[in-house]
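Each remark here refers to the structure printed beneath this line.
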Amino acid sequence: MKCNKPISQYGVCVLIAHFYGFTSVGRLFKSNEIKVPWSWYEFQSEHVDSLLSIKQIKKDITTYSLLADIDIFESRRITSYSKKLKVCPECFKENNLHKISWQNTSTTVCIKHQTPLVNTINVLSCESIESDLRETPYLFEKHILSLKSSEIPSFENALMKLSESVFRPLDFITAKLKLGSVSIDFLRSLFEDTYKLLCCEELSSVWKGLLLKHRSNLKGMGVIVTEFGVDELQTQINLFKIKKGLTSIAEAEEILLKYHNANIDTRVFTSKIRFVKGIGANKISFQIDGSMLSNFLGIKKKSLTYMVMKRTLPALHFARQIEKSYFDIEAIENILSKAYAQNRQVLTQEKFYKIDDIPKDIYGLFDLTIEELVDYAISGKIISQFKVNSTLRYINYLLISESGIKEVLKNKWHSFKDMDHDSVIKMLKLDYKTLLKLINDGFLKLTKDKKLIDADSIRHFVSNHLVLNRTANFERSRDCEKRVRDCCRAEPVCLLYMNAYLTDFVVYKKESLNDCCLRKLESRFTYFGKPKLDLSKIVITYQTKPS
């Protein structure tokens, strides 16, 4: 008995059961008082060893060479195999072997006999299946049979991957399906519809047209939203070299809409978190994950997490890892439409800055975070702009107005409370030695319990003094001091020269400086990134609605 391909541990047990005339593997195990695994993939080497430990079975296997020339496959990883038992009845009648290759999730047809595989609970029962009852191969199976053996696996896997997109063709999220747990009839039907779609000459255009029509109410959010997934679909479709023209445009649309409008069976999906009880098939198609929303809004995932926790943006499901959270893109669009209106005549006198172009030093000084600033903008609390279809890649991004930034900073400056030493060091860009000097010299005051630094003393110090240091002004403070001495004849009230690798620290009273020096030296907030030229011809600018 020759076998060119490995058989499973279950297949070994089948072979032994058949030799002794048992009608099932379960009966063989029970007759020898061995616990029966509940599925074929639960059979492991220890189950085979249990049978071989029986003297009579071991003797017969040796005497009759039952396992000669047979490769036994160690089925420790079953993620790529179907949990449903599959078999070619004709093959099994010939050699009583359960080939592990049949269990590949994407495999539906026997190459040798050119007949579809069948599901069965008991492989040994396949001997009674009549040859004239076997099914005729579908179109996709006939195509598989026409391929070289080396081409079959890649074709089957590509078809299976595309079929997941076909199953929910108008969704933003291509949900993973438990195709290893479905019946072979379900699988063959899905693969056949996918193959028929591939036989449509205009499939890419048809699919894209349906997506754009379905997402037409999201047009205001830009190309990045309405055409999401289109390029990936095009790439997948182009992988197939199939004869076109067998399926018309109308037939292709009918297949896609059939799957889109079908009732949702959550048992087919790997993850069920998205599927709220009673939610309609159409509503599911507008669900997006956190990574998508971060990209659509042009903000970082950390900012998105902050806004969900602040309830600025609602999440259908919120996870610690924001990319595993789910959102309703229609609900997000509705929130944005309340805060923003299309601005066809952008006011040139108002400056707007991208979040990434705002100096990071600002956040430390005002006890502010990027996440807070983004939240203020999206919620419409400050003037901002939302650019859609920007640049040649049609990306979206958020801009904050200069007046909006100043408004936030002013509120933060007047609202922060007494701070610990580390927070003040971070805020004022100091080191511990410099902080102690400011406290000892009376520039900063401690609270009564001596644990915190008084907030009002911090505000008074910054408001009445010009603080220069290298990290704040991007140049050596000693150079600034020389210019002030030459111009204003003013001496610093606090002076610390540290070594060349650390920050210089110089403090002036503002009242002792001329206006010219104040304008030149108060440069901490002037190093904003310059906006880049936008080459997009379809850019849309939305601006915060007047309150």
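A few remarks follow.
- Flag for SER163 being free of Cβ contacts under 8 Å to residues at least 12 places away in the same chain and either under 22 Å from the mean Cα position of the chain (by Cα) or outside any loop (DSSP other than H, G, I, E, B) (or both): no
- Qualifying residue in segment 187-202 (condition: surrounded by fewer than 17 Cβ atoms within 10 Å (Cβ to Cβ) and under 20 Å from ILE264 (Cβ atoms)): yes
- Checked against the criterion of being over 30 Å from LYS196 (Cα atoms) and in contact with an Asp or Glu (Cβ under 8 Å, 6 or more places away or on another chain), the candidates PHE318, PHE296, PHE327 yield just one match: PHE327.
- Flag if TYR432 is free of Cβ contacts under 8 Å to residues at least 24 places away in the same chain and not assigned by TED's automatic domain parsing to the domain that holds ASP231: yes
- LYS272 touching a residue at least 12 places away in the same chain (Cβ under 8 Å) and basic (Lys, Arg): no
- Every residue from segment 371-424 that is touching a helix residue (DSSP H, G or I) at 6+ places or on another chain (Cβ under 6 Å), surrounded by fewer than 22 Cβ atoms within 10 Å (Cβ to Cβ) and small (Gly, Ala, Ser): GLY380
- For the residues ASP422, ASP441, ASP449, the requirement of being within 20 Å of LEU368 (Cβ to Cβ), among the charged types (D, E, K, R), free of Cβ contacts under 8 Å to residues at least 60 places away in the same chain and not assigned by TED's automatic domain parsing to the domain that holds LEU368 singles out ASP422.
- Any chance PHE275 is among the aromatic types (Phe, Trp, Tyr), out of contact with any Ser or Thr (no Cβ under 9 Å at 6 or more places or on another chain) and surrounded by 15 or more Cβ atoms within 10 Å (Cβ to Cβ): no
- Verdict on SER423 being within 37 Å of the chain's Cα centre (by Cα), farther than 30 Å from GLN342 by Cα and among the small types (Gly, Ala, Ser): yes
- Residue ranges of helices (runs of 4 or more DSSP H) in segment 1-60 with at least 3 members closer than 16 Å to LEU97 by Cβ: 9-19
- Answer from LYS545, LYS509, LYS482, LYS530 - the residue that is at pLDDT 55 or above, under 30 Å from GLN342 (Cβ atoms) and among the charged types (D, E, K, R): LYS545
- Contact map, segment 107-128: residues that are part of a strand (DSSP E or B) paired with residues that are of a type in the set (Asp, Glu), Cβ distance under 6 Å, separation 6+ or inter-chain. Pairs shown: VAL109/GLU141; PRO116/GLU135.
- So LEU466, is it assigned to a strand (DSSP E or B) and touching a residue at least 24 places away in the same chain (Cβ under 8 Å): yes
- Selected residue [more than 18 Å from the chain's Cα centre (by Cα), surrounded by fewer than 19 Cβ atoms within 10 Å (Cβ to Cβ), touching a residue at least 12 places away in the same chain (Cβ under 8 Å) and closer than 14 Å to ASP375 by Cβ] from LYS283, LYS302, LYS310: LYS310
- Conditions (1) at pLDDT 90 or above; (2) surrounded by 15 or more Cβ atoms within 10 Å (Cβ to Cβ); (3) β-branched (Val, Ile, Thr); number of the one not met by THR62: (2)
- Segment 199-216, residues that are in contact with a helix residue (DSSP H, G or I) (Cβ under 7 Å, 6 or more places away or on another chain) and either of a type outside the set (Ser, Thr, Tyr) or in a loop (DSSP other than H, G, I, E, B) (or both): CYS200, GLU202, LEU203, VAL206, TRP207, LYS208, LEU210, LEU211, LEU212, ARG215
- Filtered residues of segment 192-220 (kept if of a type outside the set (Lys, Arg) and either closer than 16 Å to ALA262 by Cβ or free of Cβ contacts under 8 Å to residues at least 24 places away in the same chain (or both)): GLU192, ASP193, THR194, LEU197, SER205, GLY209, LEU210, LEU212, HIS214, SER216
- Of the residues making up segment 222-239, at least one is modelled with pLDDT under 95 and farther than 30 Å from VAL539 by Cβ.
The values are calculated or read from the model by the stated rules, or taken from the named source; none is laboratory data. Everything quoted here is computed from the prediction, not taken from an experiment. In this analysis, Cβ positions are derived from the backbone assuming ideal geometry, glycine residues included, and neighbour counts consider all displayed protein chains.
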